[in-house]
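The structure appears right after this line, and notes come after that.
All of the numbers you see were taken from the coordinates with simple rules; none came from a lab. The structure presented is a predicted model; accordingly, all values stated were derived computationally and were not measured. Cβ atoms come from the backbone with ideal geometry, glycine included; neighbour counts cover every protein chain shown.
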Amino acid sequence: MPIHFSSCRYKDKPRPDRELKVDWTAKSMTSRSTPTLQVVGNPQLRRKAFMHDGAFNALRDLKADYVRYVPWFPYPKLAVADWTPLTAKDVLGL
């Protein structure tokens, strides 16, 4: 199947006599969004870490309706329980 690409160009040159006016005080709609936040585990959010208390206090003060503490870890040493490979002794208790 052939793929066709096309480009578009403005046919008219910009006209300085046209002006866009915005009334920032006029209300056109109300946002009905819900505050949410995704928190990814990292070393500074661990208990007793320097940023832990401040970060979680700020998170509480945000009063987000939905907060997810994401279980994926860009810090492998926080996610992997043990870097030492298991042996038969570990698994079977031999």
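Label sites at L59 and K27, each approximated as a point 7 angstrom past Cα along Cα to Cβ, lie 3.4 nm apart. Note on Y66/T87: beta-carbon distance plugged into 1/(1 + (r/R0)^6) with R0 of 30 Å gives a FRET efficiency of 0.10.
Peptides 44-52, 26-34, 85-93 ranked from most to least packed by the mean count of surrounding Cβ atoms within 10 Å: 44-52, 85-93, 26-34.
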